[in-house]
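Visitor: The following block contains the structure, expressed as structure tokens.
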Amino acid sequence: MSYDIGQLPRQDGRIVMVTGSNTGLGFHNAHDLAAKGAKVVMACRTESRATDAMRRITELVPDADLEFLALDLSSLDAVRSAAATFRDRHDTLDVLVNNAGIMMTPYEKTVDGFEGQMAANYWGHFLLTMSLIDLMPDAPESRVVSLSSLAHAQGTKKIRFDDIHWEQKYSRSGAYQQTKLACLLFALELDRRLRAAGKEIVSVASHPGVSPTELGRAMPKLLTEVVRYTVGPFVSHDPDVASLPSLVAAIDPEVSGGEYYGPQGLNEMKGDPGPARIHPCAHDVHAARQLWDLSVELTGADLPFDS
Ligand SMILES: NC(=O)c1ccc[n+]([C@@H]2O[C@H](COP(=O)([O-])OP(=O)(O)OC[C@H]3O[C@@H](n4cnc5c(N)ncnc54)[C@H](OP(=O)(O)O)[C@@H]3O)[C@@H](O)[C@H]2O)c1
């Protein structure tokens, strides 16, 4: 890796929220942003894991300014409560990194009746963003970063509007792919709506390529271990590097709304951060509008300004 994060600006005085920052890519985003001087709100579902992550970051960055925020994205009420707590504590949010996620989990219906992966990866982040975006200064340094994946371009490449909660025939991989397409459709639609409203806030997406984090915890351990120790080094990179596209999306002054960042190596699986390829399925403006309308209907939240 040759990318030098020293070229990215200091973040002193800024408030950044990273969802799912107790481990994996979010942990490294939280670490790097704290090292840049930002106050980092670690929005996590398990306080003990977040506290442990905060301790590990503070060991590396002694003056890190970290705050725990309880956030369970798989419950709309819990997301509303997290947003309310954040608003009680802060008047401003400069950057929101919608990072948390689960992958290929067994079928689960959440308290809201949503399929589990779509709830945690997409619906929860939609509601969180709508609940906090009015706290963002109207400036290009204000960022909403949505984590997508190479998986957005795999499978059917469609949102299953006719069975959005996977009540008919569930596919673990199909559901994950759909969530990551939804995240990218959302990032691009939010960008269009921000522009239409004359706002300077930037909505941008990123993906990490492939990285051996805890994301594969619902998959057979033997399978993930075999992959890790055979082809792993050729097709993946460590989380500290894989997290850089999100970091760039969050704070690089060169970033514009509607862009997508990912690794620059073979098939975007590993390498330094830079512009990434968006599959045409994520440029489907009709699907993006339909998903937005459904998100508003299911979460009861929308942008707090005309767009
Ligand atoms: N790793 C990859 O190769 C890869 C590739 C493409 C895209 N991505 C994307 O990158 C993002 C980060 O993944 P990762 O690889 O860092 O995975 P990870 O190591 O498993 O970390 C996921 C984080 O999300 C949190 N989380 C899960 N469900 C949550 C919920 N309901 N509410 C709040 N937090 C929740 C987890 O909390 P707990 O620790 O408490 O469970 C954890 O902090 C995801 O959006 C993923 O789709 C990863």
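Visitor: Set the Förster distance to 35 Å, then compute FRET efficiency between R10 and Q168 from the Cβ-Cβ distance, nearest 0.05.
Guide: Once rounded, the FRET efficiency stands at 0.10.
Visitor: Find the relative contact order for the range 5-299 and round it to a whole percent, using C-alpha pairs within less than 8 Å whose residues are 6+ positions apart.
Guide: 18
Visitor: As I understand it, the dipole of the chain uses +1 on the Cβ of Lys and Arg and -1 on the Cβ of Asp and Glu, about the Cα centre. Which of L73, Y176, G262 lies farthest toward its positive end?
Guide: Of the options given, the answer is Y176.
Visitor: Enumerate the helices in the chain for which the Kyte-Doolittle hydropathy averages -0.5 or more and the C-alpha atoms extend at least 24 Å along the helix's axis, using complete DSSP H runs.
Guide: Helices meeting the criterion: 172-196.
Visitor: Here is a follow-up. Would you work out the relative contact order for the range 88-187, in percent, from Cα pairs under 8 angstrom that are 6 or more residues apart?
Guide: 38
Visitor: Rounded to whole Å and sorted largest first, what semi-axes of the equivalent ellipsoid does the C-alpha gyration tensor of the range 5-299 yield via the square root of 5 times each eigenvalue?
Guide: So the three semi-axes of the range 5-299 are 25, 23, 20 Å.
Visitor: Would you look at the GNM of the chain, springs on alpha carbons closer than 10 Å, and say which of Y170, Y122, Y261 moves the most?
Guide: Y170
Visitor: Which order results if E214, E141 are arranged by neighbouring Cβ count within 10 Å, fewest first?
Guide: The fewest-first ordering by Cβ neighbours comes to E214, E141.
Visitor: If neighbour count is taken as other Cβ atoms inside 10 Å, put Y260, Y176, Y107, Y229 in order from fewest to most.
Guide: In increasing order of surrounding Cβ atoms, one gets Y229, Y107, Y260, Y176.
Visitor: Could you grab the relative contact order for the range 1-91? Cα pairs under 8 Å, six or more apart, rounded to a whole percent.
Guide: Answer for the range 1-91 is 24 percent.
Visitor: With θ set to phi - 60°, apply the Karplus curve 6.51 cos²θ - 1.76 cosθ + 1.60 along the range 154-162 and write out the HN-Hα couplings as whole Hz, x wherever there is a Gly or Pro.
Guide: So the Karplus estimates, Gly and Pro as x, are 10, x, 6, 6, 9, 7, 7, 5, 7 Hz.
Visitor: Then there's this: Per q in 0.17 1/Å, what log10 I(q)/I(0) does a Debye calculation on the alpha-carbon atoms of the range 114-207 return?
Guide: -0.74
Visitor: Kindly give the semi-axes, whole Å and largest first, of the ellipsoid equivalent to the range 43-141, taking each as the square root of 5 times a Cα gyration tensor eigenvalue.
Guide: So the three semi-axes of the range 43-141 are 24, 19, 12 Å.
Visitor: Among V145, V285, V18, whose mean-square fluctuation peaks in a Gaussian network model of the chain (Cα, cutoff 10 Å)?
Guide: In this elastic network of the chain, the residue with the biggest mean-square fluctuation among V145, V285, V18 is V285.
Visitor: With Cβ to Cβ distances under 11 Å as the rule, what net charge do the other residues near P275 carry (K, R +1; D, E -1)?
Guide: Spelling it out: positives minus negatives among the neighbours equals -2.
Visitor: Shifting gears a bit: I need the calculated FRET efficiency for the pair R56 and K109, taking r as the beta carbon distance and R₀ as 41 Å, to the nearest 0.05.
Guide: Efficiency computed from Cβ-Cβ geometry: 0.75.
Visitor: While we're here: Could you list, in their original order, any pairs among K109/K270; K109/K157; K221/K270; K36/K157 whose Cα atoms are separated by more than 30 Å?
Guide: Pairs exceeding 30 Å: K109/K270; K36/K157.
Visitor: Name the trypsin sites (Lys or Arg not before Pro) in the range 1-109 that are in a loop by DSSP and that have at most 12 other C-beta atoms within 10 Å, would you?
Guide: Qualifying residues, ordered by number: R10.
Visitor: List the trypsin sites (Lys or Arg not before Pro) in the range 198-307 that DSSP assigns to loop (not H, G, I, E or B) and whose Cβ has at most 16 other Cβ atoms within 10 Å. Which are they?
Guide: Here the sparse-neighbourhood loop sites are R277.
All of the numbers you see were taken from the coordinates with simple rules; none came from a lab. Since we're looking at a predicted model, the values are computed, not measured. Cβ: placed from backbone, ideal geometry, glycine included. Neighbour counts: every protein chain shown.
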